[in-house]
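Read through the structure below, which is laid out as structure tokens, and then see the notes.
The values are calculated or read from the model by the stated rules, or taken from the named source; none is laboratory data. On a predicted model such as this, the values are computed, not experimentally measured, just so you know. Please note: Cβ atoms are built from the backbone with ideal geometry, for glycine as well, and neighbour counts cover all protein chains shown. These area figures cover heavy atoms from the full protein model, side chains too; ligands, DNA and RNA do not enter into them. Shrake-Rupley method; radii C 1.70, N 1.55, O 1.52, S 1.80 Å.
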Amino acid sequence: MPSETNTDAMEVAIIKYNAGNIRSVDYGLKRLNITPVITDDPELILKADKVIFPGQGEASTTMRYLRERRLDELIKGLKQPVLGICIGMQLLCRHSEEGDVDCLGVFDAEVKRFVPLRHEEKIPHMGWNTLTDVRSPLFDSSLEGRYVYFVHSYYVPVTGATVATTDFIHPFSAAMQKDNFFAVQFHPEKSGEVGERILLNFLKL
């Protein structure tokens, strides 16, 4: 998929911490002709044009890691566009039931564990599901109802910061936005053409 924005001189930082899935985001950006820097160096993160905070992992151990390295305060203070992905979105919230831990507090929301209501509702929520009620610079109207890829056992309820929803057991936040902070529960780097479009929209901010 060709890039629709001039990204030749754009500096993109992926925050390096004790989380999985960071390399797949790296590969996803390289498919868009972006070579990001994967780093925990505050100077490199602060000077980047865009910052991506991705990952898979457990909330309480991850927050402990971030606090020990003072990455928590760094992330909260960023002024450029920031994109949280999967647990990156959950850690941008106020609190998580996973490990009963206080998180970064960018979004005033509590991360909750899915509780199945019927036998066929398997946790984690894994696979393709649709985006609805999209309303953010991350999305354009053509992405309403399109499928993206999820893998998660915890979710963020629909709040005032929700800019896209998905339904599994009940509606939840598929994406959130507050000021320069954007976040998605799904994996855009694993969501084919739709995911590439969302990453490009973020890069164009």
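Brief remarks follow.
- Rounded accessible area per residue of the range 1-92, 1.4 Å, Å²: 46
- Structure remark: mean-square fluctuation, Gaussian network model of the chain, C-alpha springs under 10 Å; the largest value among Ser24, Ser96, Ser173 belongs to Ser24.
- The range 180-196 and the range 45-75 have their alpha-carbon centroids 18 Å apart.
- Cross-link table Lys76/Lys112; Lys16/Lys178; Lys30/Lys112; Lys50/Lys190; Lys112/Lys190; Lys76/Lys122, entries beyond 27 Å C-alpha to C-alpha: Lys30/Lys112; Lys76/Lys122
- An oblate overall shape is assigned to the range 61-140, the ratio a/c of its alpha-carbon gyration tensor axes (a ≥ b ≥ c) being 1.5 or greater and a/b not exceeding b/c.
- Rounded to the nearest 10 Å², the accessible area of Val101 at probe 1.4 Å: 20
- In the chain, helices alone account for a calculated mean residue ellipticity at 222 nm of -6500 deg cm²/dmol, with every DSSP H run of four or more residues adding -39,500 (n - 2.57).
- Protein heavy-atom surface of the range 51-115, 1.4 angstrom probe: 42% of the accessible area is carbon and sulfur, with nucleic acids and ligands not counted.
- Remark: the Asn180-Ile123 segment gains 17.4 nm on full extension, using 0.36 nm per residue and subtracting the alpha carbon distance.
- Rolling a 1.4 Å probe across the protein heavy atoms gives the range 135-176 an accessible surface of 38 Å² per residue.
- Size estimate for the chain follows the Kirkwood approach: the inverse of mean 1/r over distinct Cα pairs works out to 16.8 Å.
- Simple label model, 7 Å out from Cα along Cβ direction - Ile169 to Thr35, nm: 4.4
- Fraction of beta bridges assigned by DSSP in the chain that are antiparallel (%, nearest 5): 60
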